[in-house]
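Novice: Pasting a structure here, questions to come.
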Amino acid sequence: MHVATPPNTSNTSLIDLAVEALRRGELVAFPTETVYGLGADASSVEALKRLYQVKGRPAEHPVIVHIRSAEQLADWVEDVPESACKLAEAFWPGPLTMVLRRSRVVLDQVTGGQETVAIRIPGHPLALALLESFGGGIAAPSANRFGKLSPTTADAVAEELGPDVAMVLDGGPCKVGIESTIVNLSGDVPEILRPGMILADQIEKVLGTPLRYHGTGAVAQTTEASQQSDASRKVVDARTPRAPGGLLKHYAPRTPMRLVSASKLDDAVKRLNAEGKRLAVVSFGLHPQKWPNVVWVSAPTGSVDYAHDLYGTLRHLDSQRCDLILVERVPESQEWTPIRDRLERASTTGSMSGDQT
Ligand code: TXA
Ligand code: MG
């Protein structure tokens, strides 16, 4: 396995090697601006089979196809709608995935047998160079094993997947840090299936129409209890269980994690400390001197920086052999929605169970 950029090898020849590996049906991990992807030739049944095997993901779970230009949409999508062109123009290359009606050539192994396909143009120069040289679409889920945290550095990928990938292209730490926003344009009303750092408001502004799910809480759930928990959500329909919001519990560290409001954090630490628990805390506040034994992370107060650091922080805390990670709840405002979504999925107290992509 090649990791990183050897000093005497140019990016160009590394990309040539990566393209050869993809053409042989092997897997290549590559950086995107969101998280690292585990790439396979999206038009090879064998490569996709290997992808699902290495990822440990159920076969009916669809993957995102990465392309290099909006013109390529026509290869993958039946009748590209006007809305897709508008969003492509506004946000690609960038952290937005669109779910559209698939064209006939798209393999069932990509879509999980559904009539839709998820597509995006990633905004990382190495990813774009790889796509340009490869020519075709690259199917890429996040480069973690099923149910684990998405990796945001090449080292995290190598640690997680080891020799199961032919190559890891190292493009440095991912700028955004959490997965792309997924918007479904295949139905009559556009809706957000997974919140990301491109926010509902930004998408609505470009489309000029309201989204069905506006992103006021964690992404729409299919359980009755969670539907009732957010009265401000416009509509929660019974979406396919394969959509990322339909099945829950993922992006999780191994260490149990709980969300605690700022006002209860001090009491919670006191009580759990007294019980002899080894604690990690992610808080907006500084490390109080009275808790010297607690592994403390002071989180950035801005949502962009918070998202950037999130998975790296959780990975780090996972290696600290703590009994529990307490995470201070983040603000309720829209720019924190994708972060709340990830935190609720990762935590053991969220009302969630299920999905692990
Ligand atoms: O930022 C990202 O989107 C990263 C980078 C690598 O591009 N990729 C990523 O892929 O997060 P993955 O496979 O971990 O998550 C993709 C999500 C899955 O939850 C899957 O269910 C959903 O996209 N998805 C894929 N195709 C779909 C479809 N046709 N309809 C609905 N959801 C779909
Ligand atoms: Mg994933």
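Novice: Looking only at Cα atoms, what is the convex hull volume of the stretch 264-357 per residue, in Å³?
Specialist: Numbers: hull volume 10.9 nm³, N = 94.
Given the Cα convex hull of the stretch 264-357, per-residue volume reads 116 Å³.
Novice: So, one more: Do the alpha carbons of any pairs in K175/K205; K86/K205; K148/K290 sit beyond 21 Å of each other, and which pairs? Each step should come with its number before you reach the end.
Specialist: Working: K175/K205 24 Å; K86/K205 11 Å; K148/K290 33 Å.
Flagged as over cut-off: K175/K205; K148/K290.
Novice: For the ranges 288-301, 333-346, 103-116, what's the packing order if you count other beta-carbon atoms within 10 Å of each residue, average per peptide, and put the highest first? Present the calculation step by step, with values, prior to reporting the outcome.
Specialist: Numbers: 288-301: 13.3, 333-346: 21.6, 103-116: 16.4.
In decreasing order of mean packing, 288-301, 333-346, 103-116 become 333-346, 103-116, 288-301.
Novice: Can you tell me the length gained on complete extension of the stretch K290 to D267, counting 0.36 nm per residue apart and subtracting the Cα distance? Can you show the working numbers first?
Specialist: Details: separation 23, 0.36 × 23 = 8.28 nm, distance 1.26 nm.
So the chain would gain 7.0 nm between K290 and D267.
Novice: Counting only heavy atoms of protein chains, what accessible area per residue, in Å², does the stretch 259-357 have with a probe of 1.4 Å?
Specialist: Numbers: 4670 Å² over 99 residues.
That works out to 47 Å² per residue.
Novice: While we're here: Under 14 Å Cα to Cα from K49, which aspartates and glutamates show up? Leave out anything in the same chain fewer than 8 places away.
Specialist: E26, D41, E60, D108, D164
Novice: Here's a follow-up. Which percent of the accessible heavy-atom area of the stretch 150-217 goes to carbon and sulfur, probe 1.4 angstrom?
Specialist: 53
Novice: In the stretch 260-298, whose amide N lies under 16 Å from the spot 7 Å out along Cα-to-Cβ of H316? List them in ranges.
Specialist: Inside the label zone: 280-288, 294-298.
Novice: Any idea how far apart D75 and V189 come out in nm if each label point goes 7 Å out from Cα toward Cβ?
Specialist: Here the modelled spin labels are 3.5 nm apart.
Novice: Using every pair of alpha-carbon atoms in the stretch 48-156, split the distances into 10 Å bins beginning at 0 and state the percent of pairs per bin, rounded to integers.
Specialist: 14, 44, 35, 6, 0
Novice: Compute the FRET efficiency between K205 and S298 as 1/(1 + (r/R0)^6), taking r as their Cβ-Cβ distance and R0 = 35 Å, and round to the nearest 0.05.
Specialist: Values: r = 34 Å, r/R0 = 0.96.
Given R0 = 35 Å and the Cβ-Cβ separation, E is 0.55.
The values are calculated or read from the model by the stated rules, or taken from the named source; none is laboratory data. All values derive from a computational prediction rather than experimental measurement. Here the Cβ is made from the backbone with ideal geometry for all residues, glycine too, and neighbour counts use every protein chain on show. Protein only, heavy atoms only, side chains kept; ligands, DNA and RNA dropped before computing areas. Shrake-Rupley method; radii C 1.70, N 1.55, O 1.52, S 1.80 Å.
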